[in-house]
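A short worksheet on the structure shown next.
Only the coordinates and a few stated rules stand behind these numbers; no lab work does. On a predicted model such as this, the values are computed, not experimentally measured, just so you know. Glycine gets a Cβ as well: all are built from the backbone with ideal geometry, and neighbour counts include every protein chain shown.
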Amino acid sequence: MEWNVEGFGESTQTLILPLFEEVAKAPNKATSGLGRSTAAQVREAVASDDFDGKSSNSLTLWNSGQKVVLAGMGLPENLAEKDARDAGAKLLASLSKQHGKSLTVRFTTNWRVAQMIAFAEGMMLRDYKFDKYQKKDDDDDDSPYSVTFQASDRYLRQLHDGCARVGAIAVGVHRARDLGNEPANVLYPMEYAKRARAWAKGKDNVKLTVIEWAELKKLGMDGLVNVGKGSEHKPCMVIFELNADDRNGPCPMIVGKGITFDTGGISIKPSGGMDEMKFDMHGSATVFGLMEALHGIGHQQPVIGISCMAENTLSSTAYRPGDVINTYSGKTVEVLNTDAEGRLVLADGLWKAGEFDPEFIIDLATLTGACVVALGHEATGLWSNDDALRERLRKAAESVDELAWPMPLLPAFEKQVKDSKIADVKNLGDRYGGSNSAAAFLKQFVPERGEGDDAEQYPWAHLDIAGTAWGTSTNDMVAHGATGVHVRTLTHLLSEQ
């Protein structure tokens, strides 16, 4: 989407007037720049019973090539930022080809600038499609929307700065969606690394490191090695460093699970819905999207992201149930199920994060179906070894309407995963509470700072996005497919701290 901000003036091809309930006449400046007949039509429609301004009520007017959409917003005192964001997304989704790509959104009476920015953000987030593999008709218009946001002069600077920020973040969200939506025959581990290198090229404050197959084996990153060794597309680890030259102390670390396709391995998944396992790399998609968003808003503080990339498939070289594998930490894992692979690649990523002396570590993973059973597609599961980090992350997610729901990290679940007779840990717990035992497994690989009796784990949080990375029908920002979940959450957390 191309956008700009200006004062009240001329209107483009389609004028959008988001108006509040109980407005009995067209607000001041609402009809600026309209032809006489169109302005009269707007005034008559607003004063009529056909448009009452209630939420989700809309009316489209057509006159001599000028189109005007009246969009009901409900009562101004009831319009939370979430509601404004949803309204912007729904409005964009409702437009047809006949409305064209040139839009003017005019904010008139009773609008606060935060509501305006949220409305614009909703439009930007919804303005996404993944149709690169579909044949286009000759009359298809693939040009971007050109949107002018108009408001009173006193709001223009704040509105412009706010739109610039949410627009840059939306670019990061769309990057994550693009990566999640790519089919696995196109996006495999080293293709992700290739795209990361292309993005980092020429950016002075971005450093990118790719640990490839031979070096993974040399370093003993056997969680990644074993999960990915059955595929011809070998695994890798991609490390993003933003503002690395300014780092003179601990900085945040974000670690993402990046299984570009998950057959389940020898513990093969059922065929129904297996096509959706291209989304199993969404944790790493969020890491990439987050780095792009932070760079786009001009974030000045150091942040490091680690993406653990592998394809989990079947072959004569694939790892097996019953295998005992090493990990980068030195701990051994008894493999009881090869479909519990995400925690194995994250084990290496979490331990690698400790080498950077992090301020805290947050990992994201489409980790367990059990989390979807518990929370559906409405909230991400959140586990943490640190109460303060858990609450900060929960609040950041709530503030952008990407809910993260605190879940229990109980000693009983840790006991389950440590109850192996032949290895340090096993990659499954008991039948029940599977998302909790998965989090407990990851906790075994959170590195420590200090030595001896003074050693303690770095603050760490785990986000299980299995239910929120795709398939969420109640998210107005997304038409279908990957959601780009938690790019906005983490941008808010890191830039507001």
Taking only complete DSSP H runs, can you tell me which helices of the chain stretch 27 Å or more along their own long axis by Cα positions and average at least -1.0 on the Kyte-Doolittle scale? 156-181
ALA461 long-range amide H proximity, modeled H, under 5 Å: ILE361, ILE362, ASP363
Peptides 48-57, 100-109, 259-268, 116-125 ordered by average Cβ neighbours within 10 Å, highest first: 116-125, 259-268, 100-109, 48-57
Please give the length that would be gained between GLU378 and GLU448 if that part of the chain were fully extended, namely 0.36 nm times their separation in residues minus their C-alpha to C-alpha distance (nm, one decimal). 21.9 nm
Report relative contact order for the chain in percent, whole number only (criteria: Cα-Cα under 8 Å, sequence separation at least 6). 15
Given the pairs LYS136/LYS194; LYS132/LYS269; LYS331/LYS443, which are separated by over 18 angstrom at their Cα positions? LYS136/LYS194; LYS132/LYS269
Report the far tail of the P(r) of the range 2-127, meaning the percent of Cα-Cα pairs longer than 20 Å. 38
Each residue of the range 205-210 in turn: what ³J(HN,Hα) in whole Hz from Karplus with 6.51, -1.76, 1.60 and θ = phi - 60°, glycine and Pro shown as x? 9, 10, 10, 10, 10, 10
For TRP405, which sequence-distant residues (separation of 5 or more, or a different chain) have an amide H within less than 5 Å of its own amide H, given hydrogens modelled in the peptide plane? THR380, GLY381, LEU382
Neighbouring Cβ atoms within 10 Å as the yardstick, rank TRP383, TRP405, TRP351, TRP62 fewest first. TRP62, TRP405, TRP351, TRP383
Using each residue's phi in the range 131-139, evaluate 6.51 cos²θ - 1.76 cosθ + 1.60 at θ = phi - 60° and report the 3J(HN,Hα) Karplus result to the nearest Hz, with x for Gly and Pro. 10, 5, 9, 9, 5, 9, 6, 4, 8
Could you give the C-alpha radius of gyration of the chain expressed as a fraction of 2.2 N^0.38 Å, taking N as the number of residues it contains? 1.06
If each part is reduced to its alpha-carbon centroid, the range 278-355 and the range 130-162 end up apart, in Å, by 35
What ranking do 164-177, 318-331 get when scored by the average of other Cβ atoms within 10 Å per residue, highest first? 164-177, 318-331
Compute the distance from the alpha-carbon center of the range 183-236 to that of the range 460-496, in whole Å. 23
Calculated [θ] (222 nm, deg cm²/dmol) that DSSP helices of n ≥ 4 give over the chain, each run adding -39,500 (n - 2.57): -10500 deg cm²/dmol
Have a look at the DSSP beta bridges in the chain and tell me what percent are antiparallel, nearest 5. 40
